[in-house]
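Reading through the structure tokens given below for one structure.
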Amino acid sequence: MHILDRYDLFIFDWDGTLVTTPTFDVITKRIKPRYNMTFIKRHKRYYLRQTVENVKLEKQEAAEHSFFSSLYDIFSLFYKPKLKPSTVDILKLLKARHKKVVIFSDAKQYRLTKEVHDLGVAKYVDYLLSSESIRSFKPSPLGLEFIIRHMRSNRKKALYIGDFVSDVMMSKFGGVDVCAVADGISSYAQLKDTAPNYVFRSLKDMREHLLPSRR
């Protein structure tokens, strides 16, 4: 079944997935490769089921993601993010098909709201949610649960799209299908190793897959 037919709710990560902050992305790609592999190693045994040990790991990772979120906020004051070339095309396509679109990010709420409006994509988005506003950072699945209930959707009809291994893990913890795009922070190999439902080398590749001509 085609992705557009299978899902009604599309939940996007923001930093690294729909937008790029070039200077900071270069820095994080140097910092995070080892962090990526450590993250995968920590969660490899647990991401397919919820356990007490899993919850402890989520809390540990959430603290680290809160730290990276704060760094993004600081860098955004000096290096403005830019939309990836295929972002608007994908959002337009989803809205044309009457899909619900949500952005869920570890970015602080004030920055997320400002950037979405300043970059002109607010009109394509039904709801914005920051991890900060619910005090639950990735890979905790609480944000996904909140969104699904708020949007009155079904988790089987929801798809999360992200660029980092924590996006995949969070979705698996929450029982939500996930699409990974490898033109952000995590590499294609790292993302594929976490076994997402879909993995594309770039947001552009995802867009091509969504086009009706590919059906």
note = Counting only residues in the range 106-153 that are of a type in the set (S, T, N, Q) and touching a residue at least 40 places away in the same chain (Cβ under 8 Å), the one farthest from MET170 (Cα to Cα) is identified as SER153
message = Please go through the range 161-185 and give me each residue that is of a type outside the set (A, V, I, L, M, F, W, C) and closer than 24 Å to GLU145 by Cα, ordered by number.
response = GLY162, ASP163, SER166, ASP167, SER171, LYS172, GLY174, GLY175, ASP177
Members of the range 157-207 that are within 16 Å of TYR7 (Cα to Cα) and touching a His at 6+ places or on another chain (Cβ under 9 Å) = TYR198
task = Collect the residues in the range 95-124 that are hydrophobic (A, V, I, L, M, F, W, C) and exposed (fewer than 13 other Cβ atoms within 10 Å of the Cβ), keeping them in residue-number order.
result = ALA96
ask   = Going through the range 176-200 one residue at a time, which ones are hydrophobic (A, V, I, L, M, F, W, C) and more than 14 Å from the chain's Cα centre (by Cα)?
value = ALA189, ALA195
note = The one condition TYR35 fails out of (1) surrounded by 13 or more Cβ atoms within 10 Å (Cβ to Cβ); (2) modelled with pLDDT under 65; (3) more than 18 Å from SER186 (Cβ to Cβ) is (3)
request  = State which residue is surrounded by the fewest Cβ atoms within 10 Å (Cβ to Cβ) when the search covers only the range 159-185 and only residues that are under 17 Å from VAL88 (Cα atoms) and hydrophobic (A, V, I, L, M, F, W, C).
outcome  = ILE161
message = Kindly evaluate TYR188 against the criterion of being surrounded by fewer than 17 Cβ atoms within 10 Å (Cβ to Cβ) and not acidic (Asp, Glu).
response = yes
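The values are calculated or read from the model by the stated rules, or taken from the named source; none is laboratory data. If you're wondering where the values come from, they're calculated on a predicted model, not measured in any experiment. Note that each Cβ is placed from the backbone with ideal geometry, even for glycine, and that neighbours are counted across all protein chains shown.
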